[in-house]
Amino acid sequence: MIQDARTIPAGQILSADICIIGGGPAGISIAKELAGITARVIQIEAGDWKETAAARDLYRGFVEPESSHEPLEENRRRQWGGATAAWGGRCIPFDAIDFEKRDWVPHSGWPITKTDLDPYFARALQLCEAGEYKFRADEALPGTQREIITGFDGADVVSHPLERWGPPTHFGKRYAKDLQSAANVTVLFNANCLHIQLDPGAKQVTQIKVASFARNEFFVKARFFVVACGGLENARLLLASNDVMKTGIGNHSDKLGRYYMAHLFGAVAYAKLRDNTKGFIYEFERDREQVYCRRRFWITPEAQQRERMLNGITFFFRPPLSRGAVHRNALFSTVYLAKFFLTTFKRNNPVRALAVLKEHRSALLSHFKIALADAPGLVPQVIGIIKNRYFAKRRLPFILPSKKHNHYSLYYQTEHAPNPESRVMLHSEKDCFGMPRLLVKIAFTDLDVQTVLQTHRLIKQQFQTSCTGQLDYDEVALAEDVQHEIKDFNSSAHQIGTTRMSANPADGVVDANCKVHGIANLFLAGSSVFPTSGHANPTLTLVALAVRLADHLKSEVKKPAA
């Protein structure tokens, strides 16, 4: 059943065996796994079917120093389905090395291994509609060559690992009917959790306080509670529920809100192949279920250990539109011009806008010439994009530049080292419900910067060793680009850490089963529990952990109540 919380009378107490707080991919995955069991489940979602301006404002917060992080409401969605309402569907599992204790990576190591998660990755892929649990080209795409470029792979860099792409799956839309028809599940929309109430001894949660914009505060009592509000919001809710534990629930070791991680992204280098006409896989491929797959360059665990670096990948992508007309592609030039004009006149008055146009006159003319030179060719490209992006059952993830110029932009995505000084805290300002807003202080170390640089060095060397081409970039320019990314950082919704998992309560917030240390009936779900960030987008791994937690809750709820 799906119900609007605005219809619940103020002061009412709802009861369940399991209460799930949050309706994003983690919360929905758990609810779907629990549908049909004998236990009663209440799931509360702060938003509605679609995000409203009022709901979005609740995510607004503060960043210090200014511009060191995107606005906190930018990449999050306070609505049914959460971030899957806007994601692209990219699915990559964490690597085995990500779970290991690495002596060159401070604060690394999970209390579980990748082997522990392997069965749940397979189930998570089904929820994400991204096909089989096969992430090597020789397994998923039999009969094709193993490498991106024939003869490229070596001991330090390999290109057979895959990423998979869902349709993309909007969890809210895709699984609403399943939960609506589940007799044991009640989903409440517009239900904002304002407080988690502990018993006086801080041993277990007794109830949570909930309210909608109708100001009808009510309560939910349950045997077990799961907080699945997102990488930032999980920490915010625990920090703000501080009437019994004065520094916040789960903050017994001052780890709550710390170790906030994301990924570093960018594109500076360009590859030129010795022969781009054969033995070169550039476009997306499809497996036997027609799932889009794409290969990438990966730094091997052996190289990571030898070079004492973090995990990292690169892949061919379009160059940043802001970096001139180096792609020589009419479609990308047209997109650049449209975005430039829209942004310029939206952000500036007419006089200032004209000055900006004059300042960028040379670059604009270059893009105009490229667009005009191939104007007739734009028509079939646009038709193809519309067909593949908006009418196909599975959306083509993105469009790549043409191969004909033999000039390929290399995009990097690298791990963010766990750092206790990278953190989120409560701000003095409160939202309309009286909840303190968040203050984010994200931080990076030299290990983060050196990982990007070393990733490029190893790939450049592999091009030379394999005699398959060359990678061109200026190391000083690359280092400057990384510093620019750090100074003007955007997480791209990869918000990881803040309630980390640990075997020892002194080292984290939750245990290997995602239960808050010392609290008998409180669990956390989502990327906030990751002790490390790996190079991979977090969604597939957080869904796998959610499915694993659902199995654990099934066994726990069968036990006699204390």
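Observations, loosely collected:
- For Ala269, the residues 5 or more places off, or on other chains, whose built amide H falls under 5 Å of its own are Leu410.
- Student exercise, region 141-193 dipole from Lys, Arg, Asp, Glu Cβ charges, in Debye to nearest 20: 420 debye
- In region 508-555, the portion of solvent-accessible area held by carbon and sulfur atoms comes to 50 percent [1.4 Å probe, whole percent, DNA, RNA and ligands not counted].
- Note on Lys403: lysines with a C-alpha under 22 Å away, same-chain residues under 8 apart excluded, are Lys272, Lys278, Lys369, Lys387, Lys460.
- Look at the Cα gyration tensor of the chain: its axes a ≥ b ≥ c give a/c of at least 1.5 with a/b over b/c, and that counts as prolate.
- Furthest towards positive pole of dipole, Ala5, Ser108, Thr300, structure part the chain, Cβ charges: Ala5
- Virtual spin-label span in nm between Ser555 and Glu359, 7 Å along Cα→Cβ: 6.1 nm
- Magnitude of the charge dipole, the chain, Cβ model with Lys/Arg +1 and Asp/Glu -1, debye to 20: 1520 debye
- Across the options Gly250, Pro65, Ala417, the greatest Cα extent toward the positive end of the charge dipole of the chain (unit charges at beta carbon of Lys, Arg, Asp, Glu) belongs to Pro65.
- In Hz, Karplus ³J(HN,Hα) per residue of region 305-319 (6.51, -1.76, 1.60; θ = phi - 60°; x = Gly, Pro): 5, 5, 8, 6, 10, 7, 6, x, 9, 9, 7, 6, 8, 6, x
- Region 427-438 - phi-based ³J(HN,Hα) in whole Hz, Karplus 6.51/-1.76/1.60, Gly and Pro as x: 9, 6, 6, 10, 7, 5, 8, x, 7, x, 6, 8
- Between the Cα long axis of helix 361-373 and the first principal axis of the chain there is an angle of about 80°, rounded to the nearest 10.
- Cross-linked pairs Lys134/Lys554; Lys32/Lys559; Lys50/Lys393; Lys173/Lys203; Lys203/Lys441; Lys114/Lys134: Cα-Cα separations exceed 26 Å for Lys134/Lys554; Lys173/Lys203; Lys203/Lys441.
- Taking the longest Cα principal axis of the chain as reference, the axis of helix 350-359 is set at about 50 degrees.
- Remark: spin-label model distance Ile112-Asp199 equals 2.7 nm, labels positioned 7 Å along the Cα→Cβ axis.
- Within straight-line cross-link reach of Lys101, aspartates and glutamates at Cα separation under 18 Å, skipping those fewer than 8 residues along the same chain: Asp116, Glu302, Glu307, Glu415, Asp448, Asp507, Asp511
- Per-residue [θ]222 nm for the chain (sum of -39500 (n - 2.57) over DSSP H runs n ≥ 4, rounded to 500): -9000 deg cm²/dmol
- Whole-Å distance, taken between Cα centres, linking region 240-264 and region 419-462: 16 Å
- Only beta bridges with both residues in the chain are counted; by DSSP, about 65 percent of them are antiparallel.
- Annotation: Trp298 carries an accessible surface of approximately 40 Å², with a 1.4 Å probe and no ligand, DNA or RNA atoms counted.
- For the chain, the solvent-accessible area with a 1.4 angstrom probe is 41 square angstrom per residue.
- Charge dipole of the chain about the Cα centre (unit charges at C-beta), most positive-ward option of Thr314, Ala86, Ile21: Ala86
- Using Cβ point charges alone (K and R +1, D and E -1), the dipole size of region 461-562 about the Cα centre works out to roughly 1020 debye.
- Among the trypsin sites (Lys or Arg not before Pro) in region 59-99, those located in a DSSP loop and surrounded by at most 16 other Cβ atoms within 10 Å of their own Cβ are Arg60.
- The chain: angle of helix 475-487 to the longest principal axis, Cα-based, in degrees nearest 10: 30 degrees
The values are calculated or read from the model by the stated rules, or taken from the named source; none is laboratory data. Note that the structure is predicted; figures quoted are calculated from it, not measured. Positions of Cβ are generated from backbone atoms using ideal geometry, with glycine treated the same way; all protein chains shown enter the neighbour counts. The accessibility values were calculated without ligands, DNA or RNA, using every heavy atom of the protein model including side chains. Shrake-Rupley method; radii C 1.70, N 1.55, O 1.52, S 1.80 Å.
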